[in-house]
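Q: Please see the structure below; I have some questions.
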Amino acid sequence: MTFLQHVLEPPSYGFKKADGSLYIPSKKEIFSEFFFRTNIFKTPKNWLSFVSWSATLSLIIPFAIFMSYFFSWKLMIFGLAYSMIVMGTHGTIYLHRYSTHRAFKFTNRAYLFFARNLSIKVIPEEIYVISHHVHHQFSEQAGDPYNVHGGWLYCFLSDVNHHPIARNMSEKEYLQLTRLMNHTGVKLNSYTQYKRWGSLAHPARTVAHYALNWAAWFGIFYAIGGPSVAFAIFGMAVIWAFGVRTFNYDGHGGGKDKRVDGVDFNRRDLSINQIWPGYVSGEWHNNHHLYPNGARAGFLWYQLDLAWIFVRVYSLLGGISVYRDYKREFHRDYYRPYLASKKLKRAPAVGSA
């Protein structure tokens, strides 16, 4: 058994059947697990799931205020652009390529702090990073925390039902787990604190980070355009907060093989490159699964990668000291051989009329 096979707390219905295949829970089982794992009265170790979903649901308040008192089509489009592009790209940069895959390094902690707080905070690092390592190791196998074969709801509520870290780790195992998070800017719990809170992050520091991040950004948006702009952006942020939880199901074809020859070169799983998440956040998902620790995922001429543009610009400004770019390897190992095979198929047979 590898380390990543047991770093997540299994749901009550389990990840696997007795024969090792994926256990697909009923909707009742999924909702039951969700409400149990967000119940801080059952155990304070449920705090992280509670805080994460409380933050997401709290964004409904500015959304309702905006729609009731400040609505305009112009502001709504502006807020949606921020939600989809800025928050989406920031998630790709900080949570995905840096925090999980270490595709680049920040020059110092000041540059990291700035990048970490470059948009409204929604997803706690711990919930994203650890589970994503497991996802890549066991993609679409039993144990994948957002296994597309489990269904849409299985993926949508996976951050609560399948992402929390195991609560019975030894001190040696816990210290090994901290190595996956010790570069992110999150101050991690001691083993004694982990035994109390069941998490890598501490609740007081996490809540304080949310509060300061939200207060700072609300103040900035208020200064830019008054309450209408502030409520428009925070209100539309709820769209990304819910939408990001649906991505992995869609990004793996909804469990169907939607890979396209000449577009999706990774054949180890069902991940696909999609235009919308590609353009708004740089998430060319099949390319990413091909080179998980790369700072760039847009390899073809039309694959705009805003996250990669940020990495390059931040690097030129001195904020990033080193990064990994696999575009040359992609073209050498996949795209040029594909074009050569297409040309060979089109060539007329020797001796034909």
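The values are calculated or read from the model by the stated rules, or taken from the named source; none is laboratory data. Because the structure is predicted, anything quoted here is derived from the model rather than measured. Don't worry about glycine lacking a Cβ; one is built from the backbone with ideal geometry, like all the others, and counts go over all protein chains shown.
Q: Within the stretch 30-44, is there a residue that is in contact (Cβ under 8 Å) with a residue 24 or more places away in the chain, of a type in the set (S, T, N, Q) and crowded, with 19+ Cβ neighbours inside 10 Å?
A: Scanning the stretch 30-44, I find at least one residue that is in contact (Cβ under 8 Å) with a residue 24 or more places away in the chain, of a type in the set (S, T, N, Q) and crowded, with 19+ Cβ neighbours inside 10 Å, so the answer is yes.
Q: Which of the numbered conditions does Tyr111 fail, given that it passes all the others? Conditions: (1) part of a loop (DSSP other than H, G, I, E, B); (2) touching a residue at least 24 places away in the same chain (Cβ under 8 Å); (3) within 30 Å of Trp217 (Cα to Cα).
A: (1)
Q: Mind listing whichever residues of the stretch 156-201 are farther than 25 Å from Tyr23 by Cβ, aromatic (Phe, Trp, Tyr) and touching a residue at least 24 places away in the same chain (Cβ under 8 Å)?
A: Tyr194, Trp197
Q: Spot the failing condition for Ile127; the list is (1) part of a helix (DSSP H, G or I); (2) out of contact with any Pro (no Cβ under 9 Å at 6 or more places or on another chain); (3) among the aliphatic types (A, V, I, L, M), and only one is missed.
A: Of the numbered conditions (1) part of a helix (DSSP H, G or I); (2) out of contact with any Pro (no Cβ under 9 Å at 6 or more places or on another chain); (3) among the aliphatic types (A, V, I, L, M), the odd one out for Ile127 is (2).
Q: Among Glu171, Glu126, which is surrounded by 15 or more Cβ atoms within 10 Å (Cβ to Cβ) and acidic (Asp, Glu)?
A: Unique residue meeting the criteria: Glu126.
Q: Return the residue satisfying two criteria in turn: it lies in the stretch 32-76 and is part of a helix (DSSP H, G or I), of a type in the set (Gly, Ala, Ser) and over 23 Å from the mean Cα position of the chain (by Cα), and of such residues it is farthest from Ile233 (Cα to Cα).
A: Taking the stretch 32-76 first, the residues part of a helix (DSSP H, G or I) are 32-37, 44-58, 60-70, 73-76.
The next check asks that each one be of a type in the set (Gly, Ala, Ser); those that pass are 32, 49, 52, 54-55, 58, 64, 68.
This time we only want the ones that are over 23 Å from the mean Cα position of the chain (by Cα), so: 32, 64, 68.
Details: Ser32: 33, Ala64: 12, Ser68: 14 Å.
Only one residue fits best here, namely Ser32.
Q: Identify the single condition in (1) in contact with an Asp or Glu (Cβ under 6 Å, 6 or more places away or on another chain); (2) within 27 Å of Ala110 (Cα to Cα) that Asn161 does not satisfy, given that it satisfies every other one.
A: (2)
Q: Could you give every pair whose Cβ atoms fall below 7 Å, whose first residue belongs to the stretch 231-247 and is without any contact (Cβ under 8 Å) to a residue 60 or more places away in the chain, and whose second residue is part of a helix (DSSP H, G or I), counting only separations of at least 6 or pairs across chains?
A: Cβ pairs passing all conditions: Phe247/Pro277.
Q: While we're here: If the requirement is being among the hydroxyl-bearing types (Ser, Thr, Tyr), under 30 Å from Ile77 (Cβ atoms) and modelled with pLDDT of 95 or more, which of these qualifies: Tyr291, Tyr326, Tyr302?
A: Going through Tyr291, Tyr326, Tyr302 in turn, the sole match is Tyr302.
Q: Could you count how many residues in the stretch 117-143 are under 20 Å from Gly20 (Cβ atoms) and out of contact with any Asp or Glu (no Cβ under 8 Å at 6 or more places or on another chain)?
A: Summing the residues that are under 20 Å from Gly20 (Cβ atoms) and out of contact with any Asp or Glu (no Cβ under 8 Å at 6 or more places or on another chain) in the stretch 117-143 gives 5.
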